[in-house]
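The values are calculated or read from the model by the stated rules, or taken from the named source; none is laboratory data. Values in this document were obtained by computation on a predicted structure and should not be read as measured data. So basically every Cβ, Gly included, is an ideal-geometry build from the backbone, and we count neighbours across all protein chains shown.
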Amino acid sequence: MTDTTEHRSTAWQTALTMLQEVEPPYVPEGFHVMTVDIEYPPGDPGAPPHRHSGPAFGYVVSGEMLFELEGEPPRVIKTGEAFWEPGGDIIHYQDGNNRSDIPLKFTVTMLCAPHQEMFTLVPEAELTQRANRRAQRA
């Protein structure tokens, strides 16, 4: 009889690479989770200002994303980098393709609050009312 453990791979022991670790805000009972792929063509501005009902955790698969949350300056997230946002009342201003020569693809796992939409556009009147909460841009 042969010990099967001697023939098993040990690659799993070093296969994990930590991309991000955060403590998300409280998640209520009854939430649900969805994971989606989003792909934008070169130069696409992405979704208009919106909010998510719960926290979102993402990873840029290819390309570069211009990412901006309320209260934070815009930043570029490149292939292989992770991002997150708390969701709730925070406005997500930008998630567009930062490059005009290549497409952008990112994967996002979103925790959705019970009985709420995962994605809600922010009306222009609210954007104007909350303009003082947006970080100064160059």
Qualifying residues in the range 76-89 (those that are surrounded by 14 or more Cβ atoms within 10 Å (Cβ to Cβ) and at pLDDT 95 or above) - the one farthest from ARG130 (Cα to Cα): THR79
Of the residues in the range 44-69, how many are crowded, with 18+ Cβ neighbours inside 10 Å, part of a loop (DSSP other than H, G, I, E, B) and at pLDDT 95 or above? 3
Which is without any contact (Cβ under 8 Å) to a residue 12 or more places away in the chain, out of contact with any Gly (no Cβ under 7 Å at 6 or more places or on another chain) and more than 25 Å from PRO123 (Cα to Cα), of THR17, THR35? THR17
Checking the condition within 29 Å of PRO28 (Cα to Cα) and of a type in the set (Val, Ile, Thr), which residue from VAL108, VAL76 passes? VAL108
Select, from THR35, THR120, THR109, the only residue that is over 28 Å from MET18 (Cβ atoms) and part of a strand (DSSP E or B). THR120
Assuming PRO73 fulfils every condition listed in (1) more than 13 Å from the chain's Cα centre (by Cα); (2) crowded, with 20+ Cβ neighbours inside 10 Å apart from one, which condition is it? (2)
